[in-house]
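Following: one structure in C-alpha cells, then a few remarks.
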Amino acid sequence: MHVVIAGGHGKIGLRLAALLAGRGDTVLGLVRNPDHVADLETAGAAAAVCDLESARVDEVAGHLGGADAVVFAAGAGPGSGVARKDTVDRAAAVLLADAAHLAGVRRYLLVSSTGVDDPPAPGTDEVWAAYLRAKKAAEDALRATDLEWTILRPGRLTDDPGTGKVLLAPPPVERGDVTRDDTAAVLAALLETPTSAGLVLELRSGATDLFEAVKGLG
C-alpha cells in the first residue's frame, strides 16, 4: 500500500509512518519544515516539503500520485492561536480532500478529536474552542465528499507506551485517554479495513485487542 501522511512529522504521523514502513508499505510524509525530512527517512518513509497553509491544491495533488490512501494527522500544535486552528485543522484537511479527489485517491483517514459534537461550553478557552470548531468543520466537509473516508476521534492523547488494547466505537463514548502509540496502530489497521469507510469512530484505551476492535467494524 502507498500512503501519504499529512503531518508526517507529528507525534502520531511519525509513529504511523514507522509502522507502515515496517510492514512494507510505501510511505510519504508531507512536512512543513525541511529539518524534519531526516526523521521521516530514519523511520523508513520518504518526505516532501509542502506547507499545507500556503500550497495550491494542484501542488498537493502532485504529491499524491500513485497513492492508495491519505491520512490527515496534521495540527497547528501547542502554542498556536485561533487563526492557525482554522488554517491547519480545518482548511488544510479540506485542501487534502480536494487534492485527493484531484489525484484520484479514494481513501482518506482524518484524525479528529473527541468532543467536537458538543458546542464549547461558556468560558471555554478560546483557542481550545477554536480547535474543536475547526475539527468539526473539517469532519463536516469530509463527510460531504464522495471519498471513502473514516474519521477517528481519539481521546486525550498521551505519550505512554501503547497497550494494544482499545475501545473503538461510534459516538457517543465517555471521555478518556488513549496513547499515541495505540492511535497510530489503529490508523494502520484501519487502512487495511475497507469496511471502516463511512464511519466516525471514538478511540480510547480499553480492554479489546486493537486488531480485533478494527476487524469487528462494519
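With contacts taken as Cα pairs under 8 Å and at least 6 residues apart, the chain reaches a relative contact order of 18 percent.
Tally Lys and Arg at +1 and Asp and Glu at -1 over the other residues with C-beta under 15 Å from the C-beta of L40: what net charge comes out? Combined, the nearby Lys, Arg, Asp and Glu give -1. Phi angles across the stretch 75-83 convert, under the Karplus curve 6.51 cos²θ - 1.76 cosθ + 1.60 with θ = phi - 60°, into 3J(HN,Hα) values of x, 5, x, x, x, 7, x, 4, 4 Hz, Gly and Pro given as x.
When each full DSSP H helix of the chain is screened for a Cα extent of at least 20 Å along its own axis and an average Kyte-Doolittle hydropathy of at least -0.5, the helices passing are 126-143. The stretch 22-76 and the stretch 138-170 have their alpha-carbon centroids 19 Å apart.
For a test of the definition: using alpha carbon positions, the gyration tensor, and the 1.5 limit on a/c, classify the chain as rounded, prolate or oblate. Verdict is rounded for the chain. Between the listed residues V3, H36, A184, the Cα displaced farthest toward the positive end of the dipole of the stretch 2-215, a dipole computed from Cβ unit charges relative to the Cα centre, is found at A184.
If you restrict to DSSP beta bridges whose two residues both lie in the chain, what percentage is antiparallel, to the nearest 5? Roughly 15 percent of the beta bridges in the chain run antiparallel, per DSSP.
A straight chain from D146 to T26 at 0.36 nm per residue would run longer than the Cα-Cα distance by 40.7 nm. Computed from point charges on the beta carbon alone (+1 for Lys and Arg, -1 for Asp and Glu), the dipole magnitude for the chain about its Cα centre is near 160 Debye. Counting only the backbone N, which residues of the stretch 73-92 are under 15 Å from the spot 7 Å out from the Cα of E59 toward its beta-carbon? Within reach of a label on E59, which here means backbone N under 15 Å from a point 7 Å along Cα→Cβ, the stretch 73-92 contributes 88, 92.
Any read-out appearing in this document is the output of simple, stated calculations on the displayed coordinates, not a laboratory observation. Please read all numbers here as calculations on a predicted model, not as lab measurements. Quick reminder, even Gly has a Cβ in these numbers, built from the backbone with ideal geometry, and neighbours come from all protein chains shown.
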